[in-house]
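Heads up, the thing below is written out as structure tokens.
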Amino acid sequence: MKARACAKINPSLLITGRRPDGYHDLKLIFLPVDLADELTAEPNGDGVLRLTCSEPDIPIEDNLITKAWRLIRQDHPTVGGLDVFLKKNIPSGAGLGGGSADAAAFLKMINALYDLRLTSEQLAAYGLKLGADVPALLLGQASVGTGIGERLLPVPNALHAPVLIVKPPFSCSTKEMYARFDTAEGLTQPDETDTMTAALAAGDLCGVSRRLFNVFEQLLDPAQRAAVEGIKRELTANGAAGALLSGSGSCVFGLFPDRNTRDAAAAALARSRRVYPAAIL
């Protein structure tokens, strides 16, 4: 069986507080994009999970796919051994939800392979045990997330704009970025979630681009911020209607009016950056 694990971008992301359990309350928008990892799974008779990956640096034992398999088997011992190959196309440490996307796709795959008949709500409950982004990536459509991102409200989206995702020469640790929030002062967080979702529903590229916001941009260290701001300037200089850091970083995405403009920008930025053309689903 084969499956695609689509990444996400966040055109709006606010941190609204820190919880007693150490997690943070969020208000953010998820938009799935067609940049995707690829999973292939075949049952084996050995009763074990053998996970291999196109990227040798990707952890195997602590991978969310491995954790998902173990989690499901606790309640469904009929789930057997699998040989899984993961082709990574989504960069890691990038704020695109790559690991969570892999877990979401794998949960759906197990559900189908073994006819477990798990509902969407049951899959989301398993997903939340693996990571806060997994339920949104299981949903696979535009949504507003609150709580730690797991309380999801699907929203209409008519904006299927071309996107160019750019990876700077560093990655961001999500844990470290949230730790910076806990000691930060003077952050500004305008909440335009409602006007952003209205613009998405109308397919209004300019309306969405005017309201792009991510509080994590204020939590980058000076060198990281300079790199991100430089990429944003390059994207807009090459035709992007707007550009923003995605998630906790480090990737930056630009929203474009058409594919030709996006592709020309990709060619220009690829001379000095890793770029990933995509589109909002």
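Could you list the chymotrypsin sites (Phe, Trp or Tyr not before Pro) in the range 166-204 that lie in coil according to DSSP, counting only those with at most 15 other Cβ atoms within 10 Å of their Cβ?
Values: sites: 170, 178, 181; in loops: 170.
In loop regions of the range 166-204 (DSSP not H, G, I, E or B), the sparsely surrounded chymotrypsin sites (Phe, Trp or Tyr not before Pro) are 170.
Put a dot 7 Å past the Cα of residue 19, heading toward its Cβ, do the same for residue 195, and the two dots end up 3.0 nm apart.
Our Cα-only numbers for the range 170-281 put the radius of gyration and Dmax at 14.7, 43 Å. With one equal scatterer per alpha carbon and no solvent term, the Debye-computed log10 I(q)/I(0) for the chain at 0.10 1/Å reads -0.51.
When the Cα positions of 208, 14, 43 are compared along the charge dipole of the chain, 208 comes out farthest toward the positive end, with charges on each C-beta of Lys, Arg, Asp and Glu.
Cross-link check: pairs 8/167; 27/67; 2/88; 67/108; 88/167; 108/129 evaluated at a Cα-Cα cut-off of 18 Å; pairs beyond the cut-off: 27/67. Summarising the label geometry, the points placed 7 Å from Cα in the beta-carbon direction at residue 258 and residue 40 lie 3.8 nm from one another.
Between residue 225 and residue 151, the simple spin-label model (points 7 angstrom out along Cα→Cβ) gives 3.1 nm. Share of pairwise Cα-Cα distances greater than 21 Å in the range 2-154 is 43 percent (whole percent). Please give the residues of the range 231-253, grouped as numeric ranges, whose backbone N is less than 14 Å from a label point set 7 Å along the Cα-to-Cβ vector of residue 279. Counting only backbone N, you get no residues. Considering only 21, 133, 62, the mean-square fluctuation computed in a Gaussian network model of the chain, springs between alpha carbons under 10 angstrom, is largest for 21.
A short reminder: the numbers here are calculations on the coordinates, not readings from a lab. Since the structure is predicted, the reported quantities are computational estimates derived from the model, not experimental observations. Because the Cβ atoms are built from the backbone with ideal geometry, glycine has one as well, and the counts that use them run over all protein chains shown.
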